[in-house]
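The next block holds one structure in the form of structure tokens; read it before the comments.
The values are calculated or read from the model by the stated rules, or taken from the named source; none is laboratory data. Just so it is clear, the structure is predicted and the values come from calculations on it, not from any experiment. Cβ coordinates were reconstructed from backbone atoms using ideal geometry, including for glycine residues, and neighbour counts include every protein chain displayed. We work out accessible area using only protein heavy atoms, side chains counted, and drop any ligands, DNA or RNA first. Shrake-Rupley method; radii C 1.70, N 1.55, O 1.52, S 1.80 Å.
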Amino acid sequence: MSNPSLLILAGDGIGPEVMAEVKRIIGWFGDKRDLSFDVSEDLVGGAAYDAHGVPLHDDTMAKAQEVDAVLLGAVGGPKYDNLDFSVKPERGLLRLRKEMDLFANLRPAQCFDALADFSSLKKELIAGLDIMIVRELTSGVYFGEPRGIHIEDNMRVGVNTQRYTEAEIERGARAAFDLAMKRDKRVCSMEKANVMESGILWRDVVTEVHADYPEVELSHMYADNGAMQLVRAPKQFDVIYTDNLFGDILSDCAAMLTGSLGMLPSASLGLPMANGRPKAMYEPVHGSAPDITGQGKANPIACILSFAMALRYSFDEGAEADRLEGAIEKVLADGARTGDLMGPEGGTPLSTTQMGDVILAALDDSL
Ligand code: NAD
């Protein structure tokens, strides 16, 4: 059988720097775990604009549709800020999400014990936190029509439309329930059924889909209460399923409970392909960090954890994902820190490559 295929789109700024460490980790799994990938690389964002005049070349889009998973670094930077909207680096990212139809955005909020002091919440509320937010990514108010700004009675009016079909709610719900089956078997669905018809439909459809998942415990919560509960007692949740707008806000809120942007991975999944694997793109939550680009200061962990998600959700290699996450947990417990993770006590931060070195050494120790 041929190796699973990965397309690496490192992008701009610190994207290539953190991705260099991921490539070493991928190599380690090939060498030491007999888990090899056919890796190809291409351009996205500003790098693609510089080469082709577009933030994503059609050939790259076609490759992304063919591979088993895409790993993306980050896009954007000041050099591209004044480009026309249609060719801005972010458009490359949006095109990938849209054309691959990546409707389920998975954002874990996981607290490594060694970093519990980084949270703005009390350590006991956050230590051991492990929740997963599933955000519907391709519909809802960010896409609904009609939209725009028009004039009514000599006044400007801004319009956006929250619109969900039951099929859109259902496929995301299935993704959330499937995930819960691999975790603690609990889903909390969040909407505003008290004031929005789309919320009433959301609640009905999620309840209907739940009938296919009798082992999973389902609860419903209004999204505003969900926001409060996330900062009051986040450990009460396992999987949260919510729409595009609420998910945008709630996932940022949940993620930042855990500290630095340099630690946060994400996955965006679509429908299964012919080989049964979902269409998938994995990427760190952070951007291209122009303020530290080229200085060897970037924390590669968010990008490495994104690869761990790929192992788990695209390649069914949960035990190897555990191994990689365990190696990261170990180096953090041993005190390894990049600059973004330095506490008030100070010390000498590791460079991006040095963090890669210690994680690779911890992987060796895990054998
Ligand atoms: P950013 O995430 O790039 O940086 C915010 C802050 O966090 C900066 O101080 C940065 O140094 C720090 N930071 C981020 N990642 C880090 C890491 N791995 N290690 C250490 N420190 C890290 O957000 P921004 O500054 O608002 O945006 C910069 C550029 O990135 C913009 O062009 C923006 O459009 C783009 N952006 C891209 C994505 C993406 O590719 N998915 C996401 C957000 C922003």
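Quick notes on this one:
- Restricting the range 95-110 to residues that are among the aliphatic types (A, V, I, L, M) and closer than 18 Å to Leu7 by Cα, the residue that is nearest to the ligand (Cβ to nearest atom): Leu96
- Checklist (1) within 16 Å of the ligand (Cβ to nearest atom); (2) over 22 Å from Phe143 (Cβ atoms); (3) open to solvent by 20 Å² or more (accessible area, probe 1.4 Å) applied to Pro265, failing item: (3)
- Residues located in the range 231-249, provided they are surrounded by fewer than 24 Cβ atoms within 10 Å (Cβ to Cβ) and of a type in the set (A, V, I, L, M, F, W, C): Val231, Ala233, Leu245, Ile249
- Selected residue [out of contact with any Gly (no Cβ under 6 Å at 6 or more places or on another chain) and either open to solvent by 70 Å² or more (accessible area, probe 1.4 Å) or farther than 19 Å from Ala62 by Cα (or both)] from Arg91, Arg97, Arg135: Arg91
- Number of residues in the range 61-94 that are more than 11 Å from the ligand (Cβ to nearest atom), closer than 24 Å to Ile301 by Cα and aliphatic (A, V, I, L, M): the value is 5.
- Residue match in the range 310-321 (condition: within 13 Å of the ligand (Cβ to nearest atom), open to solvent by less than 30 Å² (accessible area, probe 1.4 Å) and in contact with a helix residue (DSSP H, G or I) (Cβ under 8 Å, 6 or more places away or on another chain)): no
- In the range 30-43 there is at least one residue that is open to solvent by less than 60 Å² (accessible area, probe 1.4 Å) and more than 21 Å from Glu317 (Cβ to Cβ).
- Helices (runs of 4 or more DSSP H) within the range 1-105 that include 2 or more residues touching a Ser or Thr at 6+ places or on another chain (Cβ under 6 Å): 15-33
- Residue satisfying all of: in the range 284-295; more than 6 Å from the ligand (Cβ to nearest atom) and surrounded by 17 or more Cβ atoms within 10 Å (Cβ to Cβ); farthest from the chain's Cα centre (by Cα) among these: Thr293
- Annotation note: of Ser351, Ser366, the sole residue that is at pLDDT 95 or above, touching a Gly at 6+ places or on another chain (Cβ under 7 Å) and more than 16 Å from the ligand (Cβ to nearest atom) is Ser366.
- Of all residues in the range 329-366, exactly one satisfies the criterion of being buried (at least 16 other Cβ atoms within 10 Å of the Cβ), in contact with a Pro (Cβ under 8 Å, 6 or more places away or on another chain) and part of a loop (DSSP other than H, G, I, E, B), namely Arg337.
- Evaluation of Arg147 against (1) surrounded by fewer than 21 Cβ atoms within 10 Å (Cβ to Cβ); (2) modelled with pLDDT of 95 or more; (3) part of a strand (DSSP E or B) (one fails), failing number: (2)
- Residue in the range 151-162 that is at pLDDT 95 or above and in contact with a Ser or Thr (Cβ under 9 Å, 6 or more places away or on another chain) present: yes
- Scanning the range 56-67 for residues that are open to solvent by 10 Å² or more (accessible area, probe 1.4 Å) and either among the polar types (S, T, N, Q) or within 23 Å of Leu264 (Cβ to Cβ) (or both) returns a single hit, Gln65.
- Cβ-Cβ under 6 Å pairs, at least 6 apart or on other chains, the range 207-226 side open to solvent by 50 Å² or more (accessible area, probe 1.4 Å), far side basic (Lys, Arg): Glu215/Lys185; Glu217/Arg186; His220/Arg203; Tyr222/Lys192
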